[in-house]
1. Taking only pairs six or more apart or across chains, which ones have beta-carbon atoms under 7 Å, a first residue in segment 156-168 that is in the same structural domain as Glu311 (by TED's automatic domain parsing), and a second residue that is more than 9 Å from ligand 2 (Cβ to nearest atom) and of a type in the set (A, V, I, L, M)?
2. What are the pairs with Cβ atoms under 8 angstrom where one residue, in segment 309-334, is modelled with pLDDT under 95 and the other, located anywhere, is surrounded by fewer than 21 Cβ atoms within 10 Å (Cβ to Cβ)? Sequence gap at least six, or different chains.
3. Could you list, in sequence order, the residues of segment 41-51 that are open to solvent by 20 Å² or more (accessible area, probe 1.4 Å) and under 19 Å from Arg8 (Cα atoms)?
4. What pairs come out if I take residues in segment 190-212 that are closer than 15 Å to Lys137 by Cα and in contact (Cβ under 8 Å) with a residue 60 or more places away in the chain and pair them with residues that are of a type in the set (Phe, Trp, Tyr) and outside any strand (DSSP E or B) whose C-beta lies under 8 Å away, six or more apart or interchain?
5. Out of the residues in segment 278-303 that are under 22 Å from the mean Cα position of the chain (by Cα) and assigned to a loop (DSSP other than H, G, I, E, B), which is farthest from Ser230 (Cα to Cα)?
6. Could you run through segment 228-243 and say how many residues are touching a strand residue (DSSP E or B) at 6+ places or on another chain (Cβ under 9 Å), over 19 Å from Ile195 (Cβ atoms) and either among the β-branched types (Val, Ile, Thr) or surrounded by fewer than 20 Cβ atoms within 10 Å (Cβ to Cβ) (or both)?
7. Does segment 168-192 hold any residues that are touching a Gly at 6+ places or on another chain (Cβ under 6 Å), in a loop (DSSP other than H, G, I, E, B) and more than 9 Å from ligand 1 (Cβ to nearest atom), and which are they?
Amino acid sequence: MHPFELIRATDVTQAIQGAAKNSTAQQGAQIRFVAGGTTLIDLMKLNVEQPQTVIDINGLPLDKVEALPDGGLKIGAVVRNSDLAYHPAVVRDYPVLSQALLSGASAQLRNMATTGGNLLQRTRCVYFRDTATPCNKREPGTGCSAIGAFNRTLAILGTSERCIATNPSDMNVALAALEATIHIQGINGERSVPIDEFFLLPGDTPHRENVLEPGELITFVTLPPLSAGSKSVYLKLRDRASYEFALASAAVVANVQQGKIARIRIALGGVGTKPWRSVEAEKALDGQTANEEQFRTAAETALRNARPQSENGFKVELAKRCLVRALKLATRTA
Ligand SMILES: Cc1cc2nc3c(=O)[nH]c(=O)nc-3n(C[C@H](O)[C@H](O)[C@H](O)COP(=O)(O)OP(=O)(O)OC[C@H]3O[C@@H](n4cnc5c(N)ncnc54)[C@H](O)[C@@H]3O)c2cc1C
Ligand code: SF4
């Protein structure tokens, strides 16, 4: 690991001012925030990230989960994944988020990992993590080693000729279905970004994964309240039952009234280059009877634009079945 300077931030302004000297907030940043460290320190050991300065944000007052006056929830950026998953308000009102968090990593990792760090975790593409191979995300313009090679776990939605890496987070999929808002503070003030606009598609610039600018710190995530009678579910399919990333996953938030779908939100994981909200599948189900035939139609719609790679064609049907099953679970009445 390259030598680096560690600064412990005690207030938000100090942390932001320190990181604002960066030329980028994306891959290759010379100054990095560290929270749980379960992504960053791994990548520093592999020399994929080589920051000169690391700003420890664990001492910032961003460690609370608070109820909002409108009935929603405000989650601090350094709230640990395990604390969030077991928070009574999350278990009661947002089970999809609790289930997604508990399906990720291991108990030890969840005790360290934070809300902000989970949002920004990097792809598990093996070539991204191996500095001996070309990778456009790690080193722009060098090429993509995964296309036509080992890509079994990589994306089938939102890919480009430059990058087919999957966003690996479970939490992000639940947050997409919950229509979360990401709150950001930088030297020019605060801004709030809907989660769907926070993540960027790879296009020609896969090294740019989100809208963060130098110095910008994620401070909070907020969730809107769900309408009365809503149910939510996260279903994750993977090679083994625990300690494994999703091959396909689905987050569904549903409100069924008299057997008809009154409101539905759908996001897919393990298949997209970003947490994959499927507005098309939602529209296909809006006002429809909640039954298997309609669910299958919605799943076909969600995967219509899938572009499988040489080794991951199986994900198309897997993701459809995952979504159909999640829809059944989220809409059953008993
Ligand atoms: C073996 C293993 C298995 C795993 N399995 C899963 C899994 O199944 N599912 C899953 O979803 N995840 C999984 N993970 C990933 C894990 O969830 C993430 O590593 C973790 O959530 C990252 O959080 P952190 O606080 O440790 O981030 P850090 O490593 O501290 O930070 C990650 C990135 O975010 C930046 N950052 C952190 N906080 C902020 C902030 N507030 N504002 C701006 N930038 C910030 C850092 O600079 C860094 O670039 C696994 C990880 C490991 C090591
Ligand atoms: S898929 Fe993306 S991360 Fe993986 S090698 Fe290609 S450019 Fe790099």
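1. none
2. What qualifies is Thr333/Val256.
3. Of everything in segment 41-51, those that are open to solvent by 20 Å² or more (accessible area, probe 1.4 Å) and under 19 Å from Arg8 (Cα atoms) turn out to be Ile41, Gln50.
4. Asn210/Phe198
5. Once the filter is applied, the top-ranked residue is Leu303.
6. 5
7. Residue satisfying the conditions is Ile187 alone.
The rows are residues; the columns are (1) closer than 15 Å to Ile218 by Cα; (2) away from ligand 2 (no atom under 16 Å from the Cβ); (3) touching a Lys or Arg at 6+ places or on another chain (Cβ under 8 Å); (4) in a loop (DSSP other than H, G, I, E, B).
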{"position": "Ala15", "(1), (2), (3), (4)": "yes, yes, no, no"}
{"position": "Gln26", "(1), (2), (3), (4)": "yes, no, yes, yes"}
{"position": "Met44", "(1), (2), (3), (4)": "no, yes, no, no"}
{"position": "Val48", "(1), (2), (3), (4)": "no, no, yes, yes"}
{"position": "Leu60", "(1), (2), (3), (4)": "yes, yes, no, yes"}
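The values are calculated or read from the model by the stated rules, or taken from the named source; none is laboratory data. Source: prediction; values computed, not measured. So basically every Cβ, Gly included, is an ideal-geometry build from the backbone, and we count neighbours across all protein chains shown. Keep in mind that these areas ignore ligands, DNA and RNA; they rest on the heavy atoms of the full protein, side chains included. Shrake-Rupley method; radii C 1.70, N 1.55, O 1.52, S 1.80 Å.
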